[in-house]
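FYI, it's all coordinate maths here, none of it is from the lab. Computed from a prediction, not measured in an experiment: that's the story for all the values here. Glycine also receives a Cβ, built like all others from the backbone with ideal geometry; neighbour counts cover every protein chain displayed.
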Amino acid sequence: MREFFRKLSWLAGRRRREEDLREELQFHLEEESERLQEDGLSETDSQWAARRELGNLGLVAESTRAAWGWTLVAQFAQDLRYALRTMRTNRLFSALAVVSLALGIGANAAIYSFMDALLMRRLPVADPQRLVMMNWNAKVTNRDDFVMHSGHGPGWGDARSGETSGMFPCPAFELFRKNDALFSSVFAYFFQSGLAKRLNLSVQGQADLASVQYVSGDYFRGLGVPPAAGRLIFPDDDKVGAPAVAVASYALSQRRFGGVAKATGQSVLIDNRPCTVVGVAPPRFFGVDPGTAPDLYIPMHANPRIAPDMYFDGNDYWIEVMARLRPGVSREQAQAVLAPQFQRWVKTTAHNDKERGHLPVLVVTEGARGLGGLRREYSKPLYVLLTLVGLILAIACANVANLLLARAAARRREMALRLSVGASRFRVVRQLLTESVLLASIGGALGVGVALVGIRFLTLLLAGGQTNVRLHAELNWRVLGAAAALSTLTGVLFGLAPALQATRVDLVAALKEARAGRTAGRRSLWGAGLGRALVVGQIAMSLLILVAAGLFVRTLSNLQSVPLGFNRESVLLFHLDALKAGRKGAEITAFYADLRTRFSQIPGVRSASLSSEPLANAGWGLSLYLPGGREDPLNRVMSVGPEFFATMQVPVLAGRDIDERDGPGAPPVAVINERFARTNFGARNPLGQHVIIGKGDNGKIVARDMQIVGVTRDTVYGGLKEKIPPVVYFPYDQGYPLPDEMVFELRTAGDPVAYVNAVREIVRQADPRLPLSEVRTQAAEIDQSIAEEIALARLSTVFALLALAIACVGLYGTVAYNVARRTGEIGIRMALGAERGRLVWMILGEVLMLLAVGIAVSVPAALGTSKLVQSFLFGMQANDPRALTVAVGTLVAAALLAGYLPARRAARVDPMVALREE
Amino acid sequence: MDPKTSRVELLQGTLDLLILRTLAAGPAHGHAIARHIQRTSEELLRVETGSLYPALHRLEAKGWVAASWELSEKGKRARYYQLTRLGRKQLAAEHSRWDAFARAMGLILNPVEGEAK
């Protein structure tokens, strides 16, 4: 060990030590010659004799240096310096290789970091592998014949797998809770849609929105999370009549309270009701959904929106359940015990034989990674992106390989020279390896930077401006390491193959060569062949990415050209919730009506209205039927304010818009869309007909009997990709259902954003407790709804350009190298009278060959793989001929350009110069 | 006398021991060490310069000798080597190993003489 440090310190003072050695040996020579002079030799003779005795001075110095023990290090430094010098002389190629590697490595690390965060990481709680989640699966053909009469949460699945969901009625939760032998804890939380998740939190008079998670009393104990300060929620807190308490997230405690200590015990107003913050959750805790980060955790029973009968209704599905397995109990055991229990129970909730026909089946799934909503939403696009960046890395590696191959061929003479002056093969191979590893390392280092930027870019892109989606992606060093290792391996493999080949050359023949690669043409043929194969591979992979980009870009343009049925420009949207400011009942409708009038009086605002949901992203169903008819579950509704259709510029085809006459107390009216008219009335005139909103059990009680006063043009409802359903629009202020949070729409002159301050001022004057939220333009609202498609289209375009650029560089390099190799031949051809044009075509012919092979390989692959992304496409088939044609056209144009540059150079060769070089 | 017959080739690994033993008498520079070994062995052993200096630097790396620049008897700057504490221990160990080795060799090569004694 000491020896090592001594050698290390010598290494630091290397220069002085070299001088010492020279002086020491010089002293030895002098001493020896003096001794010989004493023996009677002449001065000159003695000096010569001393030198003879010493032998080869350089060798002695060299073997002494070997004793210092850093020959390897010194040689490495030498190799490194030489490698850097070589990189400098081949600046363009080295830069391109390094940049393409950096982009390949960085993009892979960034995308994979997201996948890791969303799909693989476990919840930051104690023993996450013991958590399980309750789900059910059912083959539902008709919603009317299903035990779930109402549901507040997501379900997913398709015709083959049936419907799956994590929502349960509260009595089922009680049933699971009885299994003490299986679970140490069973806990639940209330799924809420994005809008309802936010509360008006007022801390010392400062009101702002906070997101909330309603949890059962055992939630924190079940997850095994310790408090950062104070205490968390106990079972006793989750009871009717218990004092109002809340637990703050760590981030909220920092943001709104100024620290965990200050938050604990603080009295706050939540939606205008007093509440005590009893504690703070730990910093890394984000609940059970990797896609969200609630600010507040509140006992479920404190949620005013949950009607008391919801706790007992066996047909109302609204609660999500997780449980912690006792040690020694497996998920399969829990499944085996619970499934029959649930089966027996759910049978008792069925009202008729049709419902008994397809009852839901309990499925206990693993819960270590938390809720799967985000996983389901993002995993497929992430896999697509991962494939694309994987291809890019492959193209980049092929490029590096090609570069090294070409360079090795060009350096055959250099290698031969080195070997002939006595370098060992090992030494030469080591030097070549240093060069390739250096290239890969610089690429990897830059890749870290690309990954960091890429993660920030992706976070913005994938969140699509949604503020309630929080992605917890961090740079994943394992992935980065893997990508860097892959590129280094490429460097080593392709650095090594030509290095070994180069050092096996017939020295004499190689040295005699006038130009590298001429006489030894046959031997380097495999090198050239491999180079061509790599270029073909690059072309093929680029085409795949180009096709993907073409498909995604066309999908986006199809989506953007979907007829909306209204004018999306110059509309400002924002949300107001009078309930959160403590208003109730009829007070709310009057308040909204007053606000609407004030907004419409802002100078420059042409008209103002309000609706229960934004038009393009609505999704609300009620029991709806015609007198004497039966309920049609496909119908959709929307409650709107006066002049709604005028504001959104939806053409009214017959009858009239809803206006200020249709207020509280006036006869209830409704406006229907074309599709509703066609489906329910056919050729009959719908005006004057009635439509009924039902409520209660199976919607049998007539809650509102409305007369149809207008028919409007169909507008997009519930997303651009959705088929437009039959829709009934009714005034928000004519009884059941009562309005809560509403979206206001302002049709403005010019840029809608310019009116935000005026709106804020009006809201502040009306009620300072009222939070204004989700302010955006209608255009932005629509763009956000297709954020995934926008992200895919943009990213795949970037990737396609990147792939194209890298592949063209590879092609350019190969052609340029071949041209340089054949300069002599070209000179002879020109001297014999070949035309320049023909020479250009001769070179381009080679490019076209490579292209043709690449495309021939790739087109079937593209057709096959594009089926996998069918679900991302809109308004087109996976084997879209236009996308394919554009991709092939782009590729051919880019490749011909990459080939034309060196071809033109070949045609400009001066025959005299070329021949003189021979 | 003919140098070819009168000179003995150094056995592998013995040079280190010779250097250490020489330095036990006091600090010396490379040339002096070589001369001392040659003279003391009655010119039978000759140290090649080509192996002397690598050996000295190797011993220095191992920490058995330490080097410093001093003025020689003739007033010239010379690199003097000196035994360290570690080197002294090493010398003792190598010395006894060599004694054992030499005795064993002697017993085998001269059995009669051994028995006669």
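Under 14 Å from a point placed 7 Å out from the Cα of A:S184 along the Cα-to-Cβ direction: which residues of the stretch A:324-356 have their backbone N that close? Residues A:324-330 fall inside that zone. Estimated purely from DSSP H runs of n ≥ 4, each contributing -39500 (n - 2.57), the mean residue ellipticity at 222 nm for the protein assembly as shown is -17000 deg cm²/dmol once divided by its residues.
Computed on the stretch B:3-112, with alpha-carbon pairs under 8 angstrom and 6+ residues apart, the relative contact order is 27 percent. The order of A:Y729, A:Y817, going from fewest to most other C-beta atoms within 10 Å of their C-beta, is A:Y817, A:Y729. Each peptide in A:127-139, A:321-333 was scored by the mean count of other Cβ atoms within 10 Å over its residues; highest first, the order is A:127-139, A:321-333.
Between A:R838 and A:A754, residue separation times 0.36 nm minus the direct Cα-Cα distance comes to 23.9 nm. In this structure, the amide hydrogen of A:G719, modeled 1.01 Å from its nitrogen in the peptide plane, lies closer than 5 angstrom to those of A:N617, A:A618, counting only residues at least 5 positions away or on a different chain.
On average, how many beta carbons from a partner chain sit within 10 Å of the beta carbon of a residue in B:74-84?
2
Once the cut-off is 60 Å, how many percent of the Cα-Cα pairs in the protein assembly as shown end up in the long-distance tail?
Result: 38 percent of Cα pairs exceed 60 Å.
Using per-residue counts of other Cβ atoms within 10 Å, averaged over each peptide, order A:100-107, A:863-870, A:798-805 from highest down.
A:100-107, A:798-805, A:863-870
Please name which of A:A336, A:Q213, A:P752 has its Cα lying farthest along the dipole of chain A towards the positive end, using unit charges on Cβ (Lys, Arg +1; Asp, Glu -1) and the Cα centre as origin. The residue sitting most towards the positive pole is A:A336. Using only side-chain charges placed at the Cβ, +1 for Lys and Arg and -1 for Asp and Glu, the dipole size of the stretch A:128-368 relative to its Cα centre rounds to 540 debye. Simple rule: put +1 on each Lys or Arg Cβ and -1 on each Asp or Glu Cβ in the protein assembly as shown, find the dipole, and look at A:A856, A:G565, A:G718; the Cα lying farthest toward the positive end is A:A856. Each of A:D733, A:D705 was scored by other Cβ atoms within 10 Å of its Cβ. Listed from fewest to most, they are A:D705, A:D733.
Using 0.36 nm per residue, how much length does the chain from A:R427 to A:V702 gain when fully extended, once their Cα-Cα distance is taken away? List each step's numbers first, then the result.
On the way: separation 275, 0.36 × 275 = 99.00 nm, distance 9.24 nm.
Extra length available between A:R427 and A:V702 comes to 89.8 nm.
How high is the relative contact order of the stretch A:571-749? Use alpha-carbon pairs under 8 Å, at least six apart in sequence, and give a whole percent.
Numbers: 395 pairs, mean separation 65.2, N = 179.
Taking the mean separation of contacting Cα pairs over the length of the stretch A:571-749, I get 36 percent.
What the Cβ-Cβ distance of A:R88 and A:S330 gives, at R0 = 60 Å and to the nearest 0.05, is a FRET efficiency of 0.45. For A:L624, nonlocal amide neighbours, meaning residues 5 or more places apart or on other chains whose placed amide H falls under 5 Å from its own, are A:D632, A:G694.
Would you be so kind as to identify which of A:L269, A:M310, A:G258 lies farthest towards the positive end of the dipole of the stretch A:226-327, taking Lys and Arg as +1 and Asp and Glu as -1 on Cβ and the Cα centre as origin? After comparing all options, I get A:G258. Take each residue in A:55-67, count the other chain C-beta atoms within 10 Å of its C-beta, and the mean is 4. For the stretch B:72-89, the Karplus equation 6.51 cos²θ - 1.76 cosθ + 1.60, evaluated at θ = phi - 60°, returns couplings of 6, 4, 8, x, 9, 6, 9, 8, 8, 10, 9, 5, 9, 4, 5, x, 5, 4 Hz by residue, with Gly and Pro reported as x.
Using R0 = 35 Å, the C-beta based FRET efficiency linking B:H95 and B:E70 works out to 0.85.
Using a cut-off of 21 Å between Cα atoms, the listed pairs A:K139/A:K867; A:K139/A:K354; A:K262/A:K584; A:K700/A:K723; A:K139/A:K695 include A:K139/A:K867; A:K262/A:K584; A:K700/A:K723; A:K139/A:K695 as exceeding that distance.
Kindly work out what percent of the DSSP beta bridges joining two residues of the protein assembly as shown are antiparallel, to the nearest 5. Taking every DSSP beta bridge within the protein assembly as shown, about 80 percent pair in antiparallel fashion. With neighbour counts taken as other beta-carbon atoms within 10 Å, the residues A:V277, A:V421, A:V886 rank, fewest first, as A:V421, A:V886, A:V277.
Using θ = phi - 60° in the Karplus curve 6.51 cos²θ - 1.76 cosθ + 1.60, the 3J(HN,Hα) couplings for the stretch A:851-868 round to 4, 4, 5, x, 5, 4, 6, 7, 4, x, 4, 4, 5, x, 7, 5, 4, 5 Hz; x is entered for Gly and Pro. One Cα centroid belongs to the stretch A:32-81, the other to the stretch A:576-605; the line between them spans 99 Å. Mean partner shielding of peptide A:18-28, defined as the number of other chain Cβ atoms within 10 Å of each residue Cβ, is 4.
Between A:R344 and A:E23, the modelled labels are 9.8 nm apart [label points 7 Å from Cα along Cα→Cβ].
Over chain A, Cα pairs under 8 Å with separation of 6+ residues give a relative contact order of 14 percent. Across the stretch A:222-236, rounded Karplus estimates of 3J(HN,Hα) from the backbone phi angles (6.51 cos²θ - 1.76 cosθ + 1.60, θ = phi - 60°) give x, 6, x, 10, x, x, 7, 7, x, 10, 9, 7, 9, x, 5 Hz, Gly and Pro being marked x.
Placing +1 at every Lys and Arg Cβ and -1 at every Asp and Glu Cβ, with all other atoms neutral, what dipole size does the stretch A:571-749 have around its Cα centre, in debye to the nearest 20?
About 300 debye.
Charge dipole (Cα centre; +1 on Lys/Arg Cβ, -1 on Asp/Glu Cβ; no other charges) of the stretch B:3-112 amounts to roughly 220 debye.
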